[in-house]
Every structure is written in structure tokens, then in C-alpha cells.
Amino acid sequence: MKYIGVFDSGLGGLTVVRSILQKRPQENIVFFGDSLNMPYGDKTKEEITGFALHNMQVLERFDLKALVIACNTADSAAGDAVAAEAKEPVYGVVRYASQAAVKATRNKRIGVIATQATVRSGAYPRTLKQLMPDAEVFTAACPALVPLIEAGHLAKDDPQIREALDGCLPALVREGIDTLILGCTHYPLIADTIAGMYPEICLISSSDAAADIVLDSVPADPDDCGIQKIYVSSEPAFFTRKAAIFMGGLLKTDAEWYKE
């Protein structure tokens, strides 16, 4: 039985799983959330790389047909290191979100909101410039968003989410962006609020972009039967309760505590 393996620092990567299953419900998924060490956004590149390689090793104990780094922070800091070590094809979120943004933009002015570590890495400007050398890229860290989203502030126009967005988005909008990459896999859950605030801007979900490329690249297997395995490095009961928010009706199993 082969799986698409997906890892994240915590919960956000489940939006990638959700997007995969919305498009291919029978896909077998094994997910690892490194909840013990989350968030990655305030960690060093060296720390994140160590965590990411460990996450890869956890998932490679299963028979994988693909490995997805469903975390913008881990992909930006450690994507190359994981790709160099992995036994199977590796799909990150940064490149595929960048490709989608390049296709969408009309004025070549692209914004990115993300964690502090992702912004600090420069991964999005670097990748976007490789794909579109004359693009102008504007980035903003939004550290308040992830805790709010995980606390359940998901209703459209939630006042605390709007306040957090008001702290990071207006500067990008003033630069004339026509496309905005949601450079954290938590952010698709508040896309409706962002779209309501700035309806003229095209939003790019890094979760959807990665899922699209993975499913285009990994053929469907007629023997797949929609098996889900979810492992975490701490607090599986807490993770399961929160996972329902990220996965909606697609969650079919409880998280299990992964122990070495």
C-alpha cells in the first residue's frame, strides 16, 4: 500500500491534505505534524532543517510514492535539504504557489504574506524572480494570524483576524499588487476575509497550488482506498480536535502519538 506522505510543523499542512482529498478522495495519505516543536516560524534555519529531515525520516517508514512539505517555513528553509535526502519525489509549497502567482498576475506586482521565518528566508522573492525576472515582489510577516486561526477565529470578517490583517496587508496593497500569495498553509482558512477586504486582488493558496501539482504528477492508483494515517509528536487528542477545523468533513481518523 503506497501513500502520499505530508508533513508540517503542526496543523496548517492539513489544508494541503484537504485539497488533495477534495480532488482525489480515494488517495491514501500519511501525515506527520511536528506539534512538539511548533511553531517553526520563530526557529533558525538550522533548527528547521533538523526538524524537517526528521519528519521526512518518520514518513519514510511508510511506503511513499511522494513526499509533500506542506509548510512554507520548512520548505523555504529546508526544502533543498529534504529533496537531497529523500527516497521519493519531493513537492514543496513555495515553488508551486510562485508558479500559480506568475500565471495569475497582470501587472507583475506580487505580494506574499507568511511567517517571519518564511519572509526572512527570501524564498518567495527568489523563486518568483527566477520564474519572472521583471516581477516586483513585496513581502510581509503576519505573526498574529496562526495563533488566531488555531484558536478558531475563522468566521468571515472576524474582528481579530481583520485587525491582524490590517497590521500587514495595507503596505502591500499600497505597492499596487494585483496578486497575493497566502504563504502559510493556515491562511486559506481565512481567504474569505481577505477576499472581502481586497476583492480586486487575486489570492493564491499555497495549499491548493501544491495539491494540484502533486496530483498532476502522481498517477491515481486504482487500488487506493482513502486510508488516512495521522501522527503527531505531542498531544494527539488536542491535535485531533483542531484537525477537524482544518479538514472539515474529510477527516476520517484520530491523530496518534508517534514515538520513536
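Which pairs do you get when a residue that is free of Cβ contacts under 8 Å to residues at least 60 places away in the same chain, found in region 101-114, comes within reach of a residue that is in a strand (DSSP E or B) and of a type in the set (Val, Ile, Thr), reach meaning Cβ atoms under 8 angstrom, with the pair 6+ apart or on two chains?
Val102/Ile110
If you take just the helices (runs of 4 or more DSSP H) that sit entirely in region 105-195, which of them hold at least 2 residues that are at pLDDT below 95 and not assigned by TED's automatic domain parsing to the domain that holds Ser35? Please lay out each step first, then the result.
Values: elements: 116-121, 123-131, 145-150, 159-166, 169-174.
The helices (runs of 4 or more DSSP H) meeting that bar are 116-121, 145-150.
Determine, yes or no, whether Asp216 is of a type outside the set (Lys, Arg), outside the structural domain of Ala144 (by TED's automatic domain parsing), assigned to a helix (DSSP H, G or I) and over 14 Å from Val16 (Cβ atoms).
Values: of a type outside the set (Lys, Arg): yes; outside the structural domain of Ala144 (by TED's automatic domain parsing): yes; assigned to a helix (DSSP H, G or I): yes; over 14 Å from Val16 (Cβ atoms): yes.
The answer is yes for Asp216.
Would you tally the residues in region 230-239 being surrounded by 17 or more Cβ atoms within 10 Å (Cβ to Cβ) and either of a type outside the set (A, V, I, L, M) or assigned to a loop (DSSP other than H, G, I, E, B) (or both)?
First, the residues of region 230-239 that are surrounded by 17 or more Cβ atoms within 10 Å (Cβ to Cβ): 230-233, 236, 239.
Next, only the ones that are either of a type outside the set (A, V, I, L, M) or assigned to a loop (DSSP other than H, G, I, E, B) (or both) stay: 231, 233, 236, 239.
Total satisfying the criteria: 4.
Among the residues of region 65-116 satisfying the criterion of being under 27 Å from Val173 (Cβ atoms) and basic (Lys, Arg), which is surrounded by the fewest Cβ atoms within 10 Å (Cβ to Cβ)?
By that ranking, first place goes to Arg106.
Residues to consider are Ala195, Ala191; find the one that is free of Cβ contacts under 8 Å to residues at least 12 places away in the same chain and surrounded by fewer than 23 Cβ atoms within 10 Å (Cβ to Cβ). Full working, then the answer.
Values: Ala191 fails: free of Cβ contacts under 8 Å to residues at least 12 places away in the same chain.
Unique residue meeting the criteria: Ala195.
For Phe62, state whether it is over 14 Å from the mean Cα position of the chain (by Cα), surrounded by fewer than 21 Cβ atoms within 10 Å (Cβ to Cβ), among the hydrophobic types (A, V, I, L, M, F, W, C) and outside the structural domain of Val16 (by TED's automatic domain parsing). Please lay out each step first, then the result.
Numbers: over 14 Å from the mean Cα position of the chain (by Cα): yes; surrounded by fewer than 21 Cβ atoms within 10 Å (Cβ to Cβ): yes; among the hydrophobic types (A, V, I, L, M, F, W, C): yes; outside the structural domain of Val16 (by TED's automatic domain parsing): no.
So Phe62 does not fit the description; no.
Does Ala210 satisfy being modelled with pLDDT of 90 or more, small (Gly, Ala, Ser) and closer than 20 Å to Ala97 by Cβ? Before the answer, list the steps.
Values: modelled with pLDDT of 90 or more: yes; small (Gly, Ala, Ser): yes; closer than 20 Å to Ala97 by Cβ: yes.
Yes.
For Ile29, all conditions in the list (1) surrounded by fewer than 18 Cβ atoms within 10 Å (Cβ to Cβ); (2) under 22 Å from Leu251 (Cα atoms); (3) among the aliphatic types (A, V, I, L, M) hold save one; what is the number of the exception?
(1)
Table: residues versus (1) surrounded by 14 or more Cβ atoms within 10 Å (Cβ to Cβ); (2) without any contact (Cβ under 8 Å) to a residue 12 or more places away in the chain; (3) farther than 23 Å from Asp158 by Cβ.
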position	(1), (2), (3)
Cys184	yes, no, no
Asp212	yes, no, yes
Asp224	yes, no, yes
Lys252	no, no, yes
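The values are calculated or read from the model by the stated rules, or taken from the named source; none is laboratory data. Note that the structure is a prediction, hence the values are computed from the model and not measured. No Cβ is skipped: glycine too gets one built from the backbone with ideal geometry, and neighbour counts run over all protein chains shown.
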